[in-house]
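Taking it in order: structure first as structure tokens, then the write-up.
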Amino acid sequence: MTEEALDGAPAQMAALFTPIPDGKVLAALCALSGVRAQILETSAGALAVLDDAAPDNLHGAAHSVSSFAKERPLLAMERRDAQITVWRYLAGQRGDTMPPGLALNDAPAVVTTLMTGAQTIADVALTHEDKVSDAHMGRFAAFRALRRLSKQAKREAHHKTTRR
């Protein structure tokens, strides 16, 4: 159970932010890794808001997801009370911490509002339900989703090259 701050926003939050452009791909990668989360697709990548904000869960999720998406950098972010901490991950390896202002400076505003607690993922889903995906599927369903998304991406790429 999460703690609640005085304003009703969760006092703790953990999220993964990656430049993977398709939220459904990140949802499937999370599910394959056993990471339960809500995924928000943004203009700069996808954000996974983890169901469990425990530090061990955040770092385990960051390790697992960044191991699958080896060539994509990932930011593991947490908010504990009013303090935001950000770590870099690449190919499953935790890197250094980043100043939160620097990490969030180029992020879409919705990422900042989520990380500061001004909004919850449920708030965002109400107005942008087409941008929010669920990573609460079994591993087999996640594997099938990744295969389907991969075939779709290949068809779209082929279609683009044949139209030139």
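Could you tell me how many of the residues in segment 109-145 are closer than 17 Å to GLY23 by Cα, assigned to a helix (DSSP H, G or I) and β-branched (Val, Ile, Thr)?
The qualifying residues number 5.
Farther than 19 Å from LEU29 by Cβ, surrounded by fewer than 15 Cβ atoms within 10 Å (Cβ to Cβ) and at pLDDT 90 or above: is that true of ASP130 in this structure?
Taking the combined requirement at face value, the residue does not satisfy it.
Give the residues of segment 19-50 that are free of Cβ contacts under 8 Å to residues at least 40 places away in the same chain and out of contact with any Pro (no Cβ under 8 Å at 6 or more places or on another chain), sorted by residue number.
The answer is PRO21, SER33, LEU50.
Based on what the data block shows, is VAL35 surrounded by 15 or more Cβ atoms within 10 Å (Cβ to Cβ) and closer than 22 Å to ALA145 by Cβ?
Taking the combined requirement at face value, the residue satisfies it.
Filter segment 62-83 for residues that are under 20 Å from ALA44 (Cα atoms) and of a type outside the set (D, E, K, R) and give the result.
ALA62, VAL65, SER66, PHE68, ALA69, PRO73, LEU74, LEU75, ALA76, MET77
The values are calculated or read from the model by the stated rules, or taken from the named source; none is laboratory data. Not measured: the values here are computed from a predicted model. Note that each Cβ is placed from the backbone with ideal geometry, even for glycine, and that neighbours are counted across all protein chains shown.
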